[in-house]
Amino acid sequence: MKSSDMTGEDAPDGEQEVLVPEDFPHDPFPATLAGAQPKVAACEVDGRYVVGLAEDERRGRYLMCADLVEQLTGYTERKRIERHDLTLTTLLDEIDAGIRRKGWELGQVEFDWIMARLRSQFL
């Protein structure tokens, strides 16, 4: 994804507003709370309770993940040439397993989103 695909109209302060796709995860680290009654983990932000990420947090995580997709696209193209003995599906499976082992502070749904975007570019 090119950075031009991530921006929309000019924001009031002159910067480009980032458009986060609807399929990008809203809550990469869902909370579980013990107890007999159902509970929701929420944070109070500006007098409102927010479950999951606030919009600015989600936007930042999206930009980070979109950047990883760009980097992994180049990496996949290079590895495709180097590892011509592997099928593309196998190569993408190896990349998927490798990024999940990196220790990056990403939620499983973010890894899933990154790999879905990467796979859509090659398969």
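Determine the shape class of the chain: with a ≥ b ≥ c the square roots of the Cα gyration tensor eigenvalues, call it rounded for a/c under 1.5, and otherwise prolate if a/b is greater than b/c, oblate otherwise. Oblate is the answer for the chain, as a/c is 1.5 or above yet b/c matches or exceeds a/b. On the beta carbon distance between Val45 and Asp96, with R0 = 22 Å, the FRET formula returns roughly 0.10. With a cut-off of 14 Å between beta carbons, the residues surrounding Leu91 carry a summed charge of -1, where Lys and Arg count +1 and Asp and Glu -1.
Against the chain, whose longest principal axis comes from its Cα atoms, helix 108-122 is set at around 40 degrees.
Build a GNM of the chain with springs between Cα atoms under 10 Å apart, and of Asp46, Asp85, Asp93 the one that fluctuates most is Asp46. Relative to the longest principal Cα axis of the chain, at what angle does helix 55-82 sit, 0 to 90 degrees, rounded to 10? Rounded to the nearest ten degrees, it is 10.
For the chain, the 222 nm mean residue ellipticity estimated from helices alone, with every DSSP H stretch of n ≥ 4 adding -39500 (n - 2.57) and the total spread over all residues, rounds to -15500 deg cm²/dmol.
How much net charge surrounds Asp46 when only other residues with a Cβ under 14 Å from its Cβ are counted (Lys, Arg +1; Asp, Glu -1)?
Net of charged neighbours comes to -3.
Between Phe122 and Lys79, the modelled labels are 0.6 nm apart [label points 7 Å from Cα along Cα→Cβ]. The protection proxy used here, the mean number of other Cβ atoms lying within 10 Å of each residue, ranks peptides 52-65, 25-38 as follows, highest first: 52-65, 25-38.
Relative to the longest principal axis of the Cα atoms of the chain, helix 88-100 runs at roughly 40 degrees. Of the residues Lys79, Lys102, the one with the fewest other Cβ atoms within 10 Å heads the list, and the complete ranking is Lys102, Lys79. Each residue, Glu57 and Leu88, gets one label point 7 Å from its Cα in the Cβ direction; the gap between the two is 3.7 nm.
Rg then Dmax, both in Å and based on the Cα atoms of segment 61-121: 11.3, 35. With a cut-off of 13 Å between beta carbons, the residues surrounding Leu123 carry a summed charge of +1, where Lys and Arg count +1 and Asp and Glu -1.
Every number in this text was worked out from the coordinates using simple rules, so none of it is lab data. Since the structure is predicted, the reported quantities are computational estimates derived from the model, not experimental observations. Every residue, glycine as well, gets a Cβ built from its backbone with ideal geometry; the counts of neighbours run over all protein chains shown.
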